[in-house]
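The values are calculated or read from the model by the stated rules, or taken from the named source; none is laboratory data. If you're wondering where the values come from, they're calculated on a predicted model, not measured in any experiment. Virtual Cβ from ideal backbone geometry, glycine too; neighbours counted across all protein chains shown. Protein only, heavy atoms only, side chains kept; ligands, DNA and RNA dropped before computing areas. Shrake-Rupley method; radii C 1.70, N 1.55, O 1.52, S 1.80 Å.
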Amino acid sequence: MTAGRWALRAASLGAALLLWQGLTALDVNLWLRFEQFPTVGEVASTFGQRAREAAYWQDLGSSLRRIVSGFALAAASGVAVGTAVARSRIAEDLLGPLLEVLRPVPAIALVPVAILLFPSNEQGIVFITFTAAFFPVVVSTRHAVRALSPVWEEAVLTMGGGRGRVLFSVVLPGALPGVFGGLSVGIGVSWICVISAEMISGEYGVGYRTWQDYTVVDYPGVFVGMVTIGALGWLTSTAVERAGRRLTRWLPSRDSSGPVPSSAARGRAGLLSWRPSREPAAAAVPALRAASAGAGPAGTAGPRSGAETFAEQTREVTP
Amino acid sequence: MSLTQADARTGPGAASHAGPPGARLALRGVRLGHRGNTVLDGVDLTVEPGEVLAVVGPSGCGKSTLLRTLAGLLAPLDGVVEQDGVPVRGPDADRALVFQDDALLPWRTVRANVELPLAIRGNARAERRRTAGQWLERVGLAGHARKLPHQLSGGQRQRVQLARALAARPRAVLMDEPFGALDAQTRAEMQDLLVDVLAGTGATVVFVTHDVDEALFLGDRVALLGTGAVVPVPAPRDRGATHAGLRRQIINSL
């Protein structure tokens, strides 16, 4: 990544902030009304004030804990279910129809179910977060496992490998690039749902606080909430993406089809692993939309289309 | 005939890689195909222990199906497939399969690919590493052990496949047009390499190809899948030998 590209990215963010500051400071009212909007300065000073309070960090911790536990559960069970459905006819017949019926239900529409089902709000919110990430992971895992070349499996079978060996030496590693496509989508959708669920039924959490601020007409507070959501979304999706790149370094790159010296590969991968992604911004935008629209039905729409975008990102790492 | 030929295939490494004797493979009245679609019918074929049987036939005539059935990946629709008189019920480490291309696990390094059959066999880590190293050296890729398959050329990848197939000392090696995707020069090199690395293993080899010259160079016998005939080759694995008459006969029969 060149300094020029870094500068361009920083300039893009800076220009957006400048535009925001200009529109709000001048109270622009051209069909879109900015007179009620807090300025960048007001949001920044509110943020500084909040960041010194324990409540802010408690909210942040609650949201993060919910998303991490819900997402981890979704990742593990999503990969397991997706693999089972793709590999076993019985699993496909037993689970397939159930998954297809449940998949279109937006996770956020499960709030009533969660309230009925779970003794505490906390568990309900984790459940909703789990459901949000679960389906993208299942679907992408299923596709990735089905798309595996049968030659790899046959090779391992003719080495005397059994089902377990095929699963752990061929199916899971081979499906990983596709699985991470689902995980990237899943973490984005998870944020939308955790924030929305908190707005509806939380007691703590960034979403809950943002909605509280809105009901008491503390607009700078609302924007602090949004900025926090954006930053957390960026953090978690970057973490998922980093893990994905690290685990799928073996993917060949698009521009080098011939033999490449491996030392160069290692050097470049090391440098490029610090490259920030474009994905967090995409994940943050729907989150903002969900926040400003109250609990909108944004839960079903993934911010990205999954595997292909992810493949493109992982390609940047390997030579 | 076969045992003497296996013994004749000696070379460097014969002592350290003296594997178990080759398997006798037999197809008796076998009907081959996928899910009821017959590709070949009435196949009777015996592969003697330690021999190299080249199988030629036009593309689409069921060569790959034949190999997959021998490997145990595909059940015959009719008849029996036997190894040493015992019916084959599924794939087994005794019968290694070498594919045309892209059969190496792309997420494993070259060495890890060669170590895989050894790991499946339950060898300890140190032994795996040592054996894989020896085999990579034999196929001339000792310096590439840490690379990933996509960082190698097509010919190099096939060398790795060869090392992977032979590392666990299978009793039979089934090769499905392993050099079919290579250019002529690389292909000739690979044929010589194959002859070299097979030396001393004693493994039975079934080598499927659509290249008659390749079949005549490598095979102790050549099976013509179209007609079902099996013809012996007078001087196998001798670059100087000319088989003009035999070659014409085979080409005419295809």
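P(r) for chain B, from all Cα pairs and a bin width of 10 Å, is 7, 32, 37, 20, 3, 0 %, short bins first. Would you please state the base-10 log of I(q)/I(0) at q = 0.19, 0.20, 0.24 1/Å for the stretch B:106-169, with intensities from the Debye formula using one equal scatterer on every alpha carbon? These q points yield log10 I(q)/I(0) values of -0.58, -0.64, -0.92.
The spacing between the stretch A:112-142 and the stretch A:58-94, judged by their C-alpha centroids, is 9 Å. Mind checking the angle between helix B:184-198 and chain B's longest principal axis? C-alpha axes, 0 to 90 degrees, to the nearest 10. Tilt of helix B:184-198: around 80 degrees. Treating r as the C-beta distance of residue A:147 and residue A:116 and R0 as 35 Å, the FRET efficiency rounds to 0.35.
Taken about its Cα centre, the stretch A:1-148 carries a charge dipole of about 540 debye when Lys and Arg each add +1 at the Cβ and Asp and Glu each add -1 at the Cβ.
Exposure check, 1.4 Å probe, all protein chains in place: residue B:114 carries approximately 0 Å² of accessible surface.
Rounded to whole Å, the principal axis extents of the Cα atoms in the stretch A:37-92 read 59, 25, 10, largest first. Ranking A:203, B:51, A:153, A:53 by solvent-accessible area of protein heavy atoms (1.4 Å probe, all protein chains present), from largest to smallest, gives A:203, A:53, A:153, B:51. Largest first, the residues A:63, A:201, B:253 sort by 1.4 Å accessible area into B:253, A:201, A:63. Placing A:211, B:135 in order of accessible area, with the largest value first and a 1.4 Å probe, yields A:211, B:135. Treating r as the C-beta distance of residue B:127 and residue B:189 and R0 as 41 Å, the FRET efficiency rounds to 0.85. For residue A:45 and residue A:77, the FRET efficiency from 1/(1 + (r/R0)^6), where r spans their Cβ atoms and R0 equals 45 Å, is about 0.55. Extending 7 Å from the Cα toward the beta-carbon at both residue A:58 and residue B:241 defines two label points whose distance is 8.8 nm.
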